[in-house]
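Chemist: Quick one: this structure, given as structure tokens, is what I'll be asking you about.
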Amino acid sequence: MNRREFSKQMLMVGMGVGAGSAMDTPAQGASERGNYYEEPAKKLPARKFDVVVAGAGTAGVVAALASARRGAKTALIEAKGYPGGTVTEGGTALHSFYNLWKAFDVEKRQVVRGIPHEIISRLMKVGGCTGHAEMTRGFDFDSVCTAIDTELYKLVTMQMLDEAGVFIAVNTLLTGAIMDGSRVKGVIANSRSGREAIYARSFVDCTAYGDLAAYAGAKYTEPNDYACCNSVGIGNVNIDKYHDFIKANGGPSQLAFGIRSGQPDKIVRVQGPLGAEFAAEAGKIGMSSVTTTVHDNYLMFIKCNYKVPGSVINRDDMARAELEVRKRMAKAVELFRKYVPGCEKAFMARTSPTLCIRRGRFIKCDYDISHEDVIEGRHFDDDVMAYGFHDSAPRYQVKDGGTYGIPYKALRVAGIENLLVAGMMITSDHRAHMSTRNTVSCMGQGQAAGTAAALCAAKNCGTRELSYSHLRQALENDGVYFES
Ligand SMILES: Cc1cc2nc3c(=O)[nH]c(=O)nc-3n(C[C@H](O)[C@H](O)[C@H](O)COP(=O)(O)OP(=O)(O)OC[C@H]3O[C@@H](n4cnc5c(N)ncnc54)[C@H](O)[C@@H]3O)c2cc1C
């Protein structure tokens, strides 16, 4: 039995005894020597909510807002000290609120609206977004570049959660599920205030890793089919000089003009060649130099990718990866200083607190969106949103610049009565996942899952007993756009 299989088995054992926890999974070394500590039974303080949303990231923020605004008493549990997740840490621009209208010369449609759109509007008011800046080059990839100020995103979304009356448990790690057969009764949360049980009627797992679903005994796989990544924000750069250098090298391949430091018609996204020497060295550290910016003198997301040899779920594999990627980020800034005019005095202005993953666990749901569903632009009789972006475009695009639907059944965790998922955990096919995992898709899924969870809690029913027409009506009332 290899270490990963062993860890998985230990996790299942933990779950079998009730409020199991991956924290119970022995770390490397200890388990192999057969060392264990038997935890004494302990009474935990308990709280009661209607809905628990696990993970305040890209999907979770929207799920909690949707749930609380539907009147459900909602708890949001987040390991870090702020909401936002990978949207503030990994990506470059929010792909995508629009269909691929420019590439296909079809009607321009904003296909994701509702709460995700509201977040962008709130950010615009505080200078935290480029707007939906139209791509002048590379519009066969995306029609727009919607880039955010990562720090204002954390603040604005936390304010919105607070206004909606969400109980925001940040710096709190979800470490177990309390099960009653196939029904989740509650979760175990650990913080500096202690360990507690949080009961609810409906649950939404937005942890990206699928932690809650795994604790609840859902079926899952660990595809490990992407590089993980840290993105570094590089300060003290001259973007116009940077752009000129790309032009001198035959680019850019992607370009968009939008609001930067409060001024319209400024470069906010640029990608292109930075010379052969730079490219050769960048290749060695998995660096991709596509970047966006909301501010002058700042390249917001320079990505350093690293394929973790073991598992992104394994603490010790990830510890080694964190070190490797930190070295790569320092090297990336060095390369900019050495080779790119306008970057001579660049420095590392921002990194993510932890490595970002593109996929952790794939959680088995009642439906698994296929690549054909995506590129053929299929819609379902239980659509909860429409989406039109594919991260492998122009190689793969949604047919005719249209959209496909994400069905409600794709968010219902198979075999569990009252648990939904939203975000990068759905869709097993890597090519289809290259679409469904993108930020704006995750946000839309979050609105659907949060709304459904609140409706189920109000009716005291399981996720499969909720009538689709009821859910659809609620989503439409809350501004969600449908194409069929
Ligand atoms: C390097 C990189 C670049 C990308 N580039 C783009 C891009 O340019 N455009 C785009 O649209 N998409 C991009 N993506 C994809 C996109 O950003 C992600 O797929 C998406 O943001 C995932 O959202 P999520 O809600 O599933 O997870 P996340 O946003 O990661 O949210 C998960 C949250 O759960 C919390 N959490 C996890 N476990 C626990 C626990 N046990 N207890 C409590 N809290 C927990 C985490 O701290 C986190 O806040 C990129 C992804 C990466 C990694």
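The values are calculated or read from the model by the stated rules, or taken from the named source; none is laboratory data. Computed from a predicted structure; not experimentally measured. When we count neighbours, we look across all protein chains shown, and the Cβ atoms used for this are built from the backbone with ideal geometry, even at glycine. For accessibility, only protein heavy atoms count, side chains too; no ligands or nucleic acids. Shrake-Rupley method; radii C 1.70, N 1.55, O 1.52, S 1.80 Å.
Chemist: How big is the convex hull of the Cα atoms of the stretch 355-484, per residue, in Å³? Let's see the in-between values first.
Modeler: Numbers: hull volume 13.6 nm³, N = 130.
In the stretch 355-484, the Cα convex hull volume per residue is 105 Å³.
Chemist: What's the ranking of 363-369, 135-141 by average number of surrounding C-beta atoms within 10 Å, highest first? Display every interim value, and only then the final one.
Modeler: Working: 363-369: 21.3, 135-141: 19.4.
Packing order, densest peptide first, comes out as 363-369, 135-141.
Chemist: Which of the listed residues, 386, 159, 467, is farthest toward the dipole's positive end in the chain, when Lys, Arg count +1 and Asp, Glu count -1 at the beta-carbon?
Modeler: 159
Chemist: Hey, another quick one. Would you mind getting the accessible area per residue of the stretch 28-171, heavy atoms of the protein chains only, 1.4 Å probe, in Å²?
Modeler: Heavy-atom accessible area per residue stands at 42 Å².
Chemist: Further question: Expressed as a rounded percentage, what relative contact order does the stretch 139-261 have, with Cα pairs under 8 Å and six or more residues apart?
Modeler: It comes to 16 percent, rounded to a whole number.
Chemist: While we're here: What Kirkwood hydrodynamic radius do you get for the chain when you take the inverse of the mean 1/r over all pairs of distinct Cα atoms, in Å?
Modeler: 22.8 Å is the Kirkwood radius here.
Chemist: How much of residue 118 can a 1.4 Å solvent probe reach, expressed as accessible area in Å² and rounded to 10?
Modeler: Solvent-accessible area, nearest 10 Å²: 60 Å².
Chemist: Given contacts defined as C-alpha pairs under 8 Å and at least six residues apart, what's the relative contact order of the stretch 153-210, whole-number percent?
Modeler: It rounds to 21 percent for the stretch 153-210.
Chemist: Taking H as built 1.01 Å from N, whose amide H comes closer than 5 Å to the amide H of residue 178, not counting residues under 5 places away?
Modeler: Counting only residues 5 or more places away or on other chains, the set is 185, 186, 187, 188.
Chemist: Can you find, among 119, 484, 356, the residue sitting farthest towards the positive end of the charge dipole of the chain, where Lys and Arg contribute +1 and Asp and Glu -1 at Cβ?
Modeler: Of the listed residues, the answer is 356.
Chemist: Further, regarding this structure: For the full complex of protein chains and a 1.4 angstrom probe, list 43, 48, 303 by accessible area with the highest value first.
Modeler: 43, 48, 303
Chemist: Could you do me a favour and compute the accessible area per residue for the stretch 198-335, 1.4 Å probe, result in Å²?
Modeler: That works out to 37 Å² per residue.
Chemist: Taking the 0 to 90 degree range and rounding to the nearest ten, how far is the long axis of helix 3-16 tilted relative to the main principal axis of the chain, both from C-alpha atoms?
Modeler: Relative to the chain, helix 3-16 is tipped by roughly 40 degrees.
Chemist: When the accessible area of the chain is computed with all protein chains present and a 1.4 Å probe, what percentage of it is carbon and sulfur?
Modeler: With neighbouring chains kept in place, the figure for the chain is 50 percent.
Chemist: Let me ask something additional. Heavy-atom accessible area of residue 277 with all protein chains present, probe 1.4 Å, nearest 10 Å²?
Modeler: Accessible area, nearest 10 Å²: 120 Å².
Chemist: Next up: Once you put a point 7 Å from the Cα of residue 110 and another 7 Å from the Cα of residue 400, both along the Cβ direction, what distance in nm separates them?
Modeler: With each label placed 7 Å out from Cα toward Cβ, I get 2.4 nm.
Chemist: Can I ask one more? Of all DSSP beta bridges in the chain, what percent run antiparallel (nearest 5)? Walk me through the numbers before you get to the answer.
Modeler: Working: 49 of 66 bridges.
About 75 percent, rounded to the nearest 5.
Chemist: What figure, in Å² to the nearest 10, do you get for the accessible area of residue 257 with a 1.4 Å probe and non-protein molecules left out?
Modeler: In the full protein context, residue 257 sits at about 80 Å².
Chemist: When the helix-only estimate is applied to the chain (DSSP H runs of n ≥ 4, each -39,500 (n - 2.57), divided by the residue count), what is the mean residue ellipticity at 222 nm, nearest 500 deg cm²/dmol?
Modeler: Calculated mean residue ellipticity at 222 nm is -9500 deg cm²/dmol.
Chemist: Would you mind checking 241/345; 307/338; 102/399 for any pair whose Cα atoms are more than 19 angstrom apart?
Modeler: Exceeds cut-off: 307/338.
Chemist: Next up: Give the relative contact order (percent, whole number) for the chain; include only Cα pairs under 8 Å separated by 6+ residues.
Modeler: Normalised by residue count, the contact order of the chain is 21 percent.
Chemist: Moving on to the next point. Taking 0.36 nm per residue of separation and subtracting the Cα-Cα distance, what length does fully extending residue 192 through residue 221 add?
Modeler: That works out to 7.3 nm of additional length.
Chemist: Which three lengths, in whole Å and largest first, does the stretch 393-450 cover when its Cα atoms are put on their principal axes?
Modeler: 39, 21, 17
Chemist: Okay, moving on. For the stretch 165-209 and the stretch 234-293, write down the distance between their C-alpha centroids in whole Å.
Modeler: Centre-to-centre distance over Cα atoms comes out at 42 Å.
Chemist: Find which of 41, 86, 63 sits farthest along the positive direction of the dipole of the stretch 41-101, computed with +1 on the beta-carbon of Lys and Arg, -1 on that of Asp and Glu, about the Cα centre.
Modeler: Comparing the listed Cα positions along the dipole, 41 ranks first.
Chemist: Related question: Under a Cβ-only charge scheme (Lys and Arg +1, Asp and Glu -1), can you give me the dipole magnitude of the chain about the Cα centre, in debye to the nearest 20? Could the numbers behind the result be given before it?
Modeler: Values: 58 positive and 52 negative charges, 192 e Å.
About 920 debye.
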